1. In segment A:198-222, what residues are away from chain B (no Cβ under 14 Å) and either closer than 12 Å to residue A:182 by Cβ or free of Cβ contacts under 8 Å to residues at least 40 places away in the same chain (or both)?
2. Tell me which helices (runs of 4 or more DSSP H) are completely within segment A:143-226 and hold 1 or more residues being closer than 22 Å to residue A:57 by Cα, at pLDDT 95 or above and touching a helix residue (DSSP H, G or I) at 6+ places or on another chain (Cβ under 6 Å), or say none if there are none.
3. Please specify each residue of segment A:171-197 satisfying the condition of being surrounded by 21 or more Cβ atoms within 10 Å (Cβ to Cβ) and free of Cβ contacts under 8 Å to residues at least 12 places away in the same chain.
4. I'm told residue A:64 meets every condition in (1) touching a strand residue (DSSP E or B) at 6+ places or on another chain (Cβ under 8 Å); (2) within 14 Å of chain B (Cβ to nearest Cβ); (3) more than 19 Å from residue A:137 (Cα to Cα); (4) buried (at least 20 other Cβ atoms within 10 Å of the Cβ) except one. Can you identify the failing condition by its number?
5. In segment B:77-114, what residues are in a loop (DSSP other than H, G, I, E, B) and facing chain A (nearest Cβ under 9 Å)?
6. I'm trying to understand the selection: among the residues of segment A:117-133, which are surrounded by fewer than 21 Cβ atoms within 10 Å (Cβ to Cβ) and touching a residue at least 24 places away in the same chain (Cβ under 8 Å)?
7. Looking at (1) modelled with pLDDT under 95; (2) within 19 Å of residue A:179 (Cβ to Cβ); (3) away from chain B (no Cβ under 14 Å), which is the only condition residue A:91 fails?
8. Could you please let me know if residue A:50 is at pLDDT 95 or above and within 30 Å of residue B:160 (Cβ to Cβ)?
């Protein structure tokens, strides 16, 4: 009995293709479920497409295409491991002191019930922190007091903690908050093969990230880029 | 001839084995009804099903509405999508775009049994029903979602997180915590916008109902929801 090995090999390669597309090395202690979830999320973003992209998106990522997002991520994050990231609520982090090309995930990546776009936002945010040539895009200190457009203090509505004086803001559209919000708002506006839910979620989370941009010039450039096109 | 039969048999077995292995590996499971779905292991260690009785949605169970085979099929698709954690499944905008009353009954019922911490799953159900607002009880459902008490933390809605605040990494957390309510309010806002643009008579019938949903949002204990609802109400004119 002679089995056609070429056919079997072909089937196996087809099954492995989505995983092989990302050249990321996982530590052996990364649970299978976490690894599969990250790969599924990256696969999702790798096949979306749009026929337009905002100017800031072109500057940061390039055209609107899944391949662009995939390349952006995999050129920055080469390794993935597990870590508590110093906080019970953290989902992911980059610790440049250890390894600037490594992203650490926590168990919360699969434990918490975030929409898929929120998981992507978190890992793309962290991927920006791998950039040693850009000082890892460290955050700016939020102003004190930190007020929204209506003069209300921006704080956690759940714990009441104020963000004033905390390193939780960005001065530029190109940092971690800015780049991820620009990615999300472009998905909301221009993605042609995203579901209505994904586009709605991208708008929710993108708008939320915008609150963390504090420099008036940066705010204006993002507004011109993404909030006046509608 | 016998040799060929053997080769075909082994090939089928191999393909089936790979398929089963792949399904297990990716955690994709299917379920035809809530019973099966609730028995399936969730993809993480948050409970998929509420451990305490929750009144939300209870009044929406309507035995008078007939549930057809097509409704069960739609429900099975919803289960597959929720378990796969893939929000970009095109069936959301295809098979689940339009929901007959029977499908909505099954979806209401499922919402009721989902643990409160299953925020994305709950929000997905609200999203699907929010695209199909055709009866008073659909609006009542949105209102009940907006009336829910705030979810205090992603791991346990009843308890506020005690670990120290991590300002960077909790970014987006507030959106997720209020996700079902944000989706509900968005559905009502979109409905109002459609009325404004089209003056569709059928939709106008529910003008007061949708205003009531906005009012439910305004009295929400979640500040971000009540503020957004307040803004929407300011823009409403008869």
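1. A:216, A:217, A:218, A:219, A:220, A:221, A:222 - these are the residues of segment A:198-222 that are away from chain B (no Cβ under 14 Å) and either closer than 12 Å to residue A:182 by Cβ or free of Cβ contacts under 8 Å to residues at least 40 places away in the same chain (or both).
2. Numbers: elements: A:176-190, A:196-210, A:216-222.
The helices (runs of 4 or more DSSP H) meeting that bar are A:176-190, A:196-210.
3. Selection gives A:195 alone.
4. The number of the failed condition is (2).
5. Result: B:85, B:86, B:87, B:88, B:89, B:97.
6. Quick first cut of segment A:117-133, residues surrounded by fewer than 21 Cβ atoms within 10 Å (Cβ to Cβ) only: A:131-133.
Hits for segment A:117-133 are A:131, A:132.
7. (3)
8. No.
The values are calculated or read from the model by the stated rules, or taken from the named source; none is laboratory data. From a predicted model like this one, the values you see are computed outputs, not experimental measurements. We place every Cβ from the backbone using ideal geometry, glycine too, and count neighbours over all the protein chains shown.
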